[in-house]
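The values are calculated or read from the model by the stated rules, or taken from the named source; none is laboratory data. Since the structure is predicted, the reported quantities are computational estimates derived from the model, not experimental observations. Cβ: placed from backbone, ideal geometry, glycine included. Neighbour counts: every protein chain shown.
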Amino acid sequence: MGTINGLDGEMAAFDGQFYQVKGDGSVHIIPDSMKTPYATVHFFEPDQTIRLTTAFQSYADFQNHLDQYLPSRNRPYAFKITGTFDDLKTRSVHKQKQPDPSLVEVIAHQSVFEFKNITGIAVGYWFPDYMEKLTVPGYHLHFVSEDKQHGGHVLNCRFSKATVAIDFINSIKLVIPQDATFHRADFSSYNRAEIEVVKKGTSKTTTIVSLDTADSE
């Protein structure tokens, strides 16, 4: 999972394919020539698979339930969640232009998509708090629908059945960018509160698109 150069939407990778969810909500296969400023990827080898049949009324409720399957709060985990969501809210953003705005400014103009009865795959990670300057701590999931028409960064969800595969990650390799923009960047203004805004998608201006996929079939 990650993004594309220029913060051009949300990236999700699974089953050997990389997908881009653009700011208008459309999903595209990412060509090999496309570059990314940030991505977290690995070869997924699940250590545990859980079949859930409990009704979850929110993303927070789901996260609290998943917590019990994490053996330690001091190591990373990867997830692949397959299921049909009664309600799902995702977001994406449009490509940005230089000078690059802050992530909080970008999220203020995000596009939010709301779906009902949508089937697909959500992939992502849970990272411990001590890694907060390298990645987003806690749960971070990106979704792509089964028909590869919809997706985005998961903001909220409600469902009662899903299969959750968990990979217990043993090590992390950090690849440092080798371009002038990175070398000149100032990372001293890191703000945890702003990261939480970005992760949760809180904004004043959004574009809302609602879709009941059951009705559209």
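State all residues of the range 119-154 that are among the aliphatic types (A, V, I, L, M) and over 13 Å from the mean Cα position of the chain (by Cα); if no residue qualifies, say none. Please lay out each step first, then the result.
First pass over the range 119-154, keeping only residues among the aliphatic types (A, V, I, L, M): 121-123, 131, 134, 136, 141, 144, 154.
Within the range 119-154, MET131, LEU134 meet the criteria.
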Notebook entry, point to check: Taking the range 67-109 on its own, how many of its residues are part of a helix (DSSP H, G or I), crowded, with 16+ Cβ neighbours inside 10 Å and in contact with a helix residue (DSSP H, G or I) (Cβ under 7 Å, 6 or more places away or on another chain)?
Noted result: 2
Note to self: Which pairs turn up if I take residues in the range 16-27 that are in contact (Cβ under 8 Å) with a residue 40 or more places away in the chain and look for partners that are acidic (Asp, Glu) with beta carbon separation below 7 Å, at least 6 apart in sequence or on another chain?
What the structure shows: VAL21/GLU10; LYS22/ASP8
Notebook entry, point to check: Is one or more of the residues making up the range 110-123 among the polar types (S, T, N, Q) and either out of contact with any Ser or Thr (no Cβ under 9 Å at 6 or more places or on another chain) or assigned to a loop (DSSP other than H, G, I, E, B) (or both)?
Noted result: yes
Item checked: Hey, VAL136 closer than 15 Å to GLU10 by Cα and either out of contact with any strand residue (DSSP E or B) (no Cβ under 9 Å at 6 or more places or on another chain) or at pLDDT below 95 (or both) or not -> yes
Next item on the list: Can you run down the residue pairs with Cβ atoms below 7 Å, 6 or more apart or on separate chains, where the first is in the range 86-109 and more than 25 Å from PHE62 (Cβ to Cβ) and the partner is assigned to a helix (DSSP H, G or I) and among the aliphatic types (A, V, I, L, M)?
Entry: GLN96/VAL106; VAL104/VAL197; VAL104/VAL198
